[in-house]
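The next block holds one structure in the form of structure tokens; read it before the comments.
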Amino acid sequence: MTRVEEQQAPVRAPDRGRLSGLDGLRGFAAVYVLLGHCWLLSYPGFPANHGPYWSGSLMFGHLAVVFFLVVSGFSLAVGPARAGWRLPGGVGPFARRRAWRILPPYWAALAFSLIVAWTIVPQPHSVSPPASTVAVYGLMLQDAAVAPTPNGAFWSIAVEAELYVVFPLLLLLRRRLGGPAMVALTTLPVVALGLLVPRAASVSPVDKLSWLTPQLAPLFALGLAGAGVVVARERIRRLPWPWLAALAAVPVLAVVIGAGTVWTVRHYFWIDLAIAPALVMLLVAVSTGRPAALVRLLDTGPVKGLGRFSYSLYLVHLPIVVAVSRTLTGHDLVPRGLPLFLATLVVAVPLSLGFARLFAAVFEIPFQRHRGWPYPAVTRWFARAVSAHDG
């Protein structure tokens with residue numbers, strides 16, 4: 001197909017089921033976070049870049065987490081957008097579906113992370129987790145309460161849970177006031193906070209492992225609003241969303257490159273808000289089948305498969321990377337810097353991917369496929385054991 005024919009062809013209508021292109025994007029984002037943590041543990045001095053210039057792009061894993069939250073708002077809102085911006089089934093079923101989706105893998109990953117921290121090595125900038133860690137992280141309070149972390153990646157899970165709570169309210173605002181007003185009502189108080197309380201907009205992730213991140217709420221809301229484009233009229237969906245996404249991203253990338261890594265990390269508050277429109281337009285582009293080459297890549301079996309266990313990969317990779325890195329340096333096997341980075345890649349990346357895939361097969365994928373307990377054989381065995389004991 002020529003470029004002209006591709007432009008004239010109708011854009012792909014979104015499937016009624018799972019948006020497969022988004023799975024692939026989630027998978028790539030999770031791998032980027034994995035590579036970024038390999039980099040961070042190999043080069044001291046974050047947020048300064050003490051590694052090769054070409055590897056410095058790996059230190060912005062925070063932006064991949066931002067992308068996860070934008071995708072979450074976008075994907076959760078597609079169904080309500082088709083239903084007039086109402087939650088199918090209501091708030092109660094939505095809450096149960098979300099809990100069933102995120103809690104079993106999260107709690108299993110929490111147990112895994114605690115075991116690694118207690119028996120092998122705790123997380124950087126932390127200590128062996130006490131009982132308070134089990135309580136705070138078990139209840140997903142880590143974004144508001146401080147406790148030694150068993151897994152540095154868990155902060156965003158609490159943020160996402162908080163956003164689920166306000167999701168019905170955002171839908172109500174979208175239905176009553178429209179997308180622009182809903183986004184404005186979510187964004188303006190956050191911008192005001194950043195201007196009036198400068199410290200809230202300049203805290204580095206290295207300074208606080210638990211910190212309320214208000215700028216992430218507008219990103220989630222913007223993803224929600226973007227879902228409306230997916231179900232809009234053909235004229236709206238035909239807009240050159242890939243080019244619009246690129247145009248929106250270029251100024252932000254220019255600032256990041258020009259200002260440097262230290263400034264960028266210290267000002268994630270504003271960078272997050274600035275990059276969000278580009279991320280939403282990328283999601284709209286992919287969900288409408290463009291650019292064709294990227295969509296074909298995202299629809300390949302391996303990439304879709306990676307996306308299916310991206311949540312598990314995000315949950316379990318960091319304890320593995322930390323354990324591998326500390327083992328390599330603790331026994332003076334590999335010097336810090338590029339040798340450690342390459343050795344960590346060789347060992348930790350396949351180990352994390354393989355373990356995450358097995359972890360997902362037990363604790364994530366079955367809970368996606370079944371609305372009830374996915375292991376009836378375990379239930380029957382337990383019932384027989386109880387009956388035998390009573391008898």
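The values are calculated or read from the model by the stated rules, or taken from the named source; none is laboratory data. Note that the structure is a prediction, hence the values are computed from the model and not measured. Every residue, glycine among them, receives a Cβ derived from its backbone with ideal geometry; neighbour counts consider all protein chains shown. Note: areas computed on protein heavy atoms with side chains; ligands, DNA, RNA excluded. Shrake-Rupley method; radii C 1.70, N 1.55, O 1.52, S 1.80 Å.
For the criterion of being over 25 Å from Ala285 (Cβ atoms) and either at pLDDT 95 or above or within 23 Å of the chain's Cα centre (by Cα) (or both), Phe94 passes. Residue-level analysis places Leu173 among those that are without any contact (Cβ under 8 Å) to a residue 24 or more places away in the chain and hydrophobic (A, V, I, L, M, F, W, C). Go through (1) touching a residue at least 60 places away in the same chain (Cβ under 8 Å); (2) under 30 Å from Leu173 (Cβ atoms); (3) open to solvent by 10 Å² or more (accessible area, probe 1.4 Å); (4) assigned to a helix (DSSP H, G or I) for Arg290 and report which single condition fails. Result: Arg290 passes all but (4). Only one of the listed residues (Arg237, Arg233, Arg266) is modelled with pLDDT under 95 and farther than 22 Å from Gly73 by Cα. That residue is Arg266. Scan region 138-152 and give yes if some residue there is hydroxyl-bearing (Ser, Thr, Tyr) and assigned to a helix (DSSP H, G or I), otherwise no. Taking every residue of region 138-152 in turn, none turns out to be hydroxyl-bearing (Ser, Thr, Tyr) and assigned to a helix (DSSP H, G or I).
Can Val256 be described as open to solvent by less than 40 Å² (accessible area, probe 1.4 Å), in a helix (DSSP H, G or I) and over 30 Å from Ile115 (Cα atoms)? It is true that Val256 is open to solvent by less than 40 Å² (accessible area, probe 1.4 Å), in a helix (DSSP H, G or I) and over 30 Å from Ile115 (Cα atoms).
Among the conditions (1) open to solvent by less than 40 Å² (accessible area, probe 1.4 Å); (2) in contact (Cβ under 8 Å) with a residue 60 or more places away in the chain, the only one that Val334 does not satisfy is (2).
Yes/no per residue for (1) more than 17 Å from Pro168 (Cα to Cα); (2) open to solvent by less than 70 Å² (accessible area, probe 1.4 Å):
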residue	(1), (2)
Ala81	no, yes
Arg86	no, no
Ala95	no, yes
Leu103	yes, yes
Ala109	yes, yes
Ser113	yes, yes
Val116	yes, yes
Thr119	yes, no
Pro148	yes, yes
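Checking each residue of region 42-54 against the condition of being hydroxyl-bearing (Ser, Thr, Tyr), open to solvent by less than 10 Å² (accessible area, probe 1.4 Å) and under 20 Å from Gly152 (Cα atoms) gives at least one match.
Would you mind stating whether Gly27 is open to solvent by less than 10 Å² (accessible area, probe 1.4 Å), at pLDDT 90 or above, in a helix (DSSP H, G or I) and small (Gly, Ala, Ser)? Here the answer is yes, as Gly27 does meet what is asked. Going by the structure shown, is Leu173 over 28 Å from Ser310 (Cβ atoms), in a helix (DSSP H, G or I) and modelled with pLDDT of 90 or more? For Leu173, the condition - over 28 Å from Ser310 (Cβ atoms), in a helix (DSSP H, G or I) and modelled with pLDDT of 90 or more - is met.
Of the residues that make up region 128-146, is at least one open to solvent by 20 Å² or more (accessible area, probe 1.4 Å) and of a type in the set (Asp, Glu)? No; the residues of region 128-146 include none that is open to solvent by 20 Å² or more (accessible area, probe 1.4 Å) and of a type in the set (Asp, Glu).
Listed here are the residues, each with its yes/no results for (1) at pLDDT below 95; (2) open to solvent by 80 Å² or more (accessible area, probe 1.4 Å); (3) part of a helix (DSSP H, G or I).
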{"site": "Ile320", "(1), (2), (3)": "no, no, yes"}
{"site": "Val347", "(1), (2), (3)": "no, no, yes"}
{"site": "Ser352", "(1), (2), (3)": "no, no, yes"}
{"site": "Phe355", "(1), (2), (3)": "no, no, yes"}
{"site": "Ala361", "(1), (2), (3)": "no, no, yes"}
{"site": "Arg384", "(1), (2), (3)": "yes, yes, yes"}
{"site": "Ala388", "(1), (2), (3)": "yes, no, yes"}
